Amino acid sequence: MASTTVASDLAALTRHSLAGLRMLLVFTLLLGLAYPLAATAVGQVAFPWQANGSLVRSDGTHTTDRSEAVGSALVAQGFAGAEYFHPRPSAAGDGYDTTASAASNLGPLNPDLVATIEERKAAVAELEGVDPADVPADAVTASGSGLDPEISPAYAAIQVARVARERGLPVADVEAAVAAHTAGRTLGVLGDPRVNVLELNLALDAAH
């Protein structure tokens, strides 16, 4: 009787194990192969620019060819020249390093962070000729990724006079360029209005 029970238990265990392995195989093929391939195919057909990194040419137009790209609309890069709009500060590596995306991980009361913010605020205020109290928060704080490609309209606004002066352009022309590259809230309610720095700078270069 005992041997019969053991044999029955082993048969049941084998049956259940094989059923589990079959399910594992089915879901591995379905979710690990078929679904990623289908999602990739849909992305390449319906959203080829976004699916290939949102790459941008030097004239500001979109491309899917990496050899033609000067950057991505999704990734910040440094613009040090006075004729360019400047992005947010970056804590990614030595700054804007796509291989070291990270924040500073310093708390809001950390003395080093507080000192750095005050230094940045003073530097931005002097560069843009504004009162330190008028310097927006995103001008002095790095994003969580260190690669945020966008700035607030307020930060763009205090840079307009400098960019116009350095490029020899009317302020109104630069303001119009900023407005053209300002995106509103997603679906009208999510997030905040923002200005893509790379696309804005490339548009100014292409136009002037």
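The values are calculated or read from the model by the stated rules, or taken from the named source; none is laboratory data. In this text the structure is predicted, and so the values were computed from the model without any measurement. Don't worry about glycine lacking a Cβ; one is built from the backbone with ideal geometry, like all the others, and counts go over all protein chains shown. When the accessible area is computed, the model is the full protein with side chains, heavy atoms only, and any ligands, DNA or RNA have been set aside. Shrake-Rupley method; radii C 1.70, N 1.55, O 1.52, S 1.80 Å.
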Exercise. Given Ser67, Ser54, Ser72, which one is closer than 30 Å to Glu128 by Cα and either hydroxyl-bearing (Ser, Thr, Tyr) or free of Cβ contacts under 8 Å to residues at least 60 places away in the same chain (or both)?
Worked result: Ser72
Exercise. Applying the selection to segment 79-114, what residues are of a type in the set (A, V, I, L, M) and open to solvent by 50 Å² or more (accessible area, probe 1.4 Å)?
Worked result: Ala80, Leu106, Leu109, Val114
Seminar exercise, completed: So, first residue closer than 16 Å to Phe79 by Cβ in segment 174-202, second residue crowded, with 16+ Cβ neighbours inside 10 Å and of a type in the set (S, T, N, Q), Cβ within less than 6 Å, six or more apart or across chains; the pairs are His181/Asn196; Val195/Thr182
Exercise. Among the residues of segment 167-208, which ones are open to solvent by less than 70 Å² (accessible area, probe 1.4 Å), within 23 Å of Ser90 (Cβ to Cβ) and part of a loop (DSSP other than H, G, I, E, B)?
Worked result: His181, Gly191, Pro193
Problem set entry | Residues satisfying the stated conditions in segment 134-180, i.e. touching a Ser or Thr at 6+ places or on another chain (Cβ under 6 Å) and among the acidic types (Asp, Glu) | Asp138
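For residues that are closer than 22 Å to Tyr96 by Cβ and not β-branched (Val, Ile, Thr), tally how many sit in segment 123-168. Outline the logic, then answer.
Initially, segment 123-168 is screened for residues closer than 22 Å to Tyr96 by Cβ, giving 123-124, 127-128, 135-156, 158-159, 162-163, 166.
Add one more test, that the residue is not β-branched (Val, Ile, Thr), and what stays is 123, 127-128, 136-139, 142-150, 152-156, 159, 162, 166.
Total satisfying the criteria: 24.
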